[in-house]
Amino acid sequence: MNGHHRQAMSRWHVGNRQVAQIISLAVVAVVMIPLVYLIIGAVSAGQDGIDYLLRARTLRIVGNSIGLTAAVTLCATAIAIPFAWLTSRSDLPGRRAWLVLGLAAMVIPSYLTAVTYAEAFGPKGILQSLLEPFGVDRLPGIKGFPGAALTLTVVTFPYIVLPVHAALLHCDRSLEEAGQSLGLNRWGVFRQIILPQMRPALSTGMLMTALYCLSDFGAVAVMHFNAFTRAIFIQAESFRMDKASVLALLLVGMTLVLLLMQSRLQLRGRHYRIGTGASRPQEILHLGKWKIPALIFCAVVVFIGVVIPLLVLFSWLAGHRITDPVQAPLTLLMRNTVGVSAASALAVSIAAFPLALLAARGSSRFNRWLVHLAYAGNVLPGIVIALALVMFASRNFLSFYQTLPLLIIGYAIRYLPFSIGATESAFAQIDPRFEEAARSLGLSAWAALLRITAPLARGGILAGLALVFLNVMKELPTTLILRPIGFRTFATRIWSAYDEAFLSSIALPGLVLILVSAFALAIILRREKAVD
């Protein structure tokens, strides 16, 4: 950083730091409410909470969650690495289309994927009916660990594909050429040169997958697998808040362990581009005789992750004849879902703005701690946040319980880190001297930010807004627990229809939810393509 740049940064601190810090402190105070009330709830359990924690049933829940997370992370990684490589570094026909189709699995909520898999692969499901002419009368049950692992693997592997695909596109080609000149074959180049450069992206994707598995409620609930989130929901539904708090704190502890492991992996080695000029296009590998197997692999991934859920939903839509007790107008569901998602995304973007500024421009230890505390929502699963906010509202602001503002606060705590990360990356690419030039023309510090910096960072801000919008639309446990009475969204409508066994009624809201979510994903992918 040159002297002029440092001077500009210093003047930014004087002009905006205190206001950004005050707003950020207020946001962080709200973010910390769930953790504080979980601790209060767990402490109030006393010895009963400790005894419950040490029960064999609780230990089985811990083992189930660890086993499911490990299995899904490994399986998702095994699928994501070759998929990302084929769609970035090979001459696979239509590789961009395959990438988009593969990533489409992430717009289908886990609970919706799980319901369609139970119908497709269950003992009396669609697959069994197709196999009946061959003498297959009944398939083994899919529910339990196999169904939960399959569902979560399919919906989480895109979280590894995205960072790994970007890393493969930006690997240092000169290092690969040096390895080839020293006699390494293609596998050797990949193992010794490309894979170490992928390590940060791979560890980030694996962390996102593991955190998703620990926090997911829909898949484990549909598949009747007794993991943390299902056990917490059952305890909360029975109003045993002390036991639910103990389980929730234990889940938070496990997520903290994952974050610590990932940070250690990130520090084990750093690999930088050594070239000094413009980056060159990566070498495209000709698949030759492996082109057909590669196409089959990609087709199977897309078929299982996207086509099967859509086929089941369309089959239910075609067979929908009866009216069920959880029927709700589609226009009402659309208005509620899009409205609360848009309001939450806008609130999160506004709250993330000063925190992203501190992350990009504020170099003091206090500012870094503020930003780190704001990321606490990354550690807290949705069901844990909802449970803590229920305790907070019922004990302090009963009139605030089961209102839209409390629901939006729950979403904001959960997804604030998504907006901070996207906005911070945009701010980091903007030279503070642009703001200094605006100040010299008579604009105030915040006017310069709003009229100069914010428009320049609009791509990152919109990407963060779209990411929050996409996730809020799919969020189930937070919505189930915190929504106002009678307030229905696509997620709650799908869950109610599943709970009442009116599966055909899932089709239309499920398809509309996927369609609207796909638009949000398209915005994110357009941003990724623009950055590339």
Restricting to the range 205-215, what's the tally of residues that are modelled with pLDDT under 85 and open to solvent by 50 Å² or more (accessible area, probe 1.4 Å)? 1
For residue 112, indicate whether it is more than 22 Å from residue 225 (Cα to Cα) and modelled with pLDDT of 75 or more. no
List the residue pairs whose Cβ atoms are under 7 Å apart, where the first residue sits in the range 468-496 and is touching a residue at least 60 places away in the same chain (Cβ under 8 Å), the second is acidic (Asp, Glu), and the two are 6 or more positions apart or on different chains. 491/475
Restricting to the range 16-40, and then to whatever is open to solvent by less than 30 Å² (accessible area, probe 1.4 Å) and at pLDDT below 80, can you tell me which residue is nearest to residue 410 (Cα to Cα)? 20
If we ask which residues in the range 63-84 are open to solvent by less than 30 Å² (accessible area, probe 1.4 Å), over 24 Å from residue 287 (Cα atoms) and not small (Gly, Ala, Ser), their number turns out to be 4
Pairs needed: first member in the range 95-114, in a helix (DSSP H, G or I) and surrounded by fewer than 19 Cβ atoms within 10 Å (Cβ to Cβ); second member anywhere, modelled with pLDDT under 90 and polar (S, T, N, Q); C-beta distance under 8 Å; at least 6 residues apart or different chains. 95/87; 95/88; 96/87
Number of positions in the range 62-111 that are of a type in the set (D, E, K, R) and either closer than 26 Å to residue 495 by Cβ or touching a Gly at 6+ places or on another chain (Cβ under 8 Å) (or both): 0
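Let's see how each residue does on (1) buried (at least 23 other Cβ atoms within 10 Å of the Cβ); (2) modelled with pLDDT of 85 or more; (3) hydroxyl-bearing (Ser, Thr, Tyr); (4) under 30 Å from residue 165 (Cβ atoms):
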{"residue": "442", "(1), (2), (3), (4)": "no, no, no, no"}
{"residue": "445", "(1), (2), (3), (4)": "no, no, no, no"}
{"residue": "452", "(1), (2), (3), (4)": "no, no, no, no"}
{"residue": "487", "(1), (2), (3), (4)": "no, yes, no, no"}
{"residue": "490", "(1), (2), (3), (4)": "yes, yes, no, yes"}
{"residue": "514", "(1), (2), (3), (4)": "no, yes, no, yes"}
{"residue": "518", "(1), (2), (3), (4)": "no, no, no, yes"}
Scan the range 219-253 residue by residue and report those that are under 20 Å from residue 151 (Cβ atoms), in contact with a Ser or Thr (Cβ under 7 Å, 6 or more places away or on another chain) and part of a helix (DSSP H, G or I). 219, 220, 228, 229
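Filter the range 346-366 down to the residues that are open to solvent by less than 10 Å² (accessible area, probe 1.4 Å) and touching a Ser or Thr at 6+ places or on another chain (Cβ under 8 Å), then identify the one that is nearest to residue 217 (Cα to Cα). Spell out how you get there, then give the answer.
Here is the first cut: in the range 346-366, the residues open to solvent by less than 10 Å² (accessible area, probe 1.4 Å) are 348, 352, 354-358, 361-362.
The next check asks that each one be touching a Ser or Thr at 6+ places or on another chain (Cβ under 8 Å); those that pass are 348, 352, 354-356, 358.
On the way: 348: 23, 352: 26, 354: 32, 355: 29, 356: 30, 358: 33 Å.
The extreme case among them is 348.
Can you confirm whether residue 505 is of a type in the set (S, T, N, Q), farther than 13 Å from residue 337 by Cβ and open to solvent by 10 Å² or more (accessible area, probe 1.4 Å)?
Values: of a type in the set (S, T, N, Q): yes; farther than 13 Å from residue 337 by Cβ: yes; open to solvent by 10 Å² or more (accessible area, probe 1.4 Å): no.
No.
Taking the condition touching a Leu at 6+ places or on another chain (Cβ under 7 Å) and either crowded, with 20+ Cβ neighbours inside 10 Å or of a type outside the set (Ser, Thr, Tyr) (or both), does residue 87 pass? Explain how you work it out, then say what you get.
Numbers: touching a Leu at 6+ places or on another chain (Cβ under 7 Å): yes; either crowded, with 20+ Cβ neighbours inside 10 Å or of a type outside the set (Ser, Thr, Tyr) (or both): yes.
So residue 87 fits the description; yes.
Does the range 36-90 hold any residues that are outside any helix (DSSP H, G or I) and in contact with a strand residue (DSSP E or B) (Cβ under 7 Å, 6 or more places away or on another chain), and which are they? Lay out the reasoning, then the answer.
Of the range 36-90, the ones outside any helix (DSSP H, G or I) are 54-55, 90.
Answer for the range 36-90, where residues must be outside any helix (DSSP H, G or I) and in contact with a strand residue (DSSP E or B) (Cβ under 7 Å, 6 or more places away or on another chain): just 90.
Scan the range 115-152 for residues that are among the acidic types (Asp, Glu) and modelled with pLDDT of 85 or more and jot them down.
We begin by selecting, within the range 115-152, every residue among the acidic types (Asp, Glu); these are 119, 132, 137.
Listed by number, the list holds a single entry, 119.
The values are calculated or read from the model by the stated rules, or taken from the named source; none is laboratory data. Every value quoted in this text rests on a predicted model; they were computed, and no experiment measured them. For neighbour counting, all protein chains shown are included, and Cβ atoms are generated from backbone atoms with ideal geometry for every residue, glycine included. Heavy atoms of the whole protein, side chains included, go into the accessibility calculation; ligands, DNA and RNA do not. Shrake-Rupley method; radii C 1.70, N 1.55, O 1.52, S 1.80 Å.
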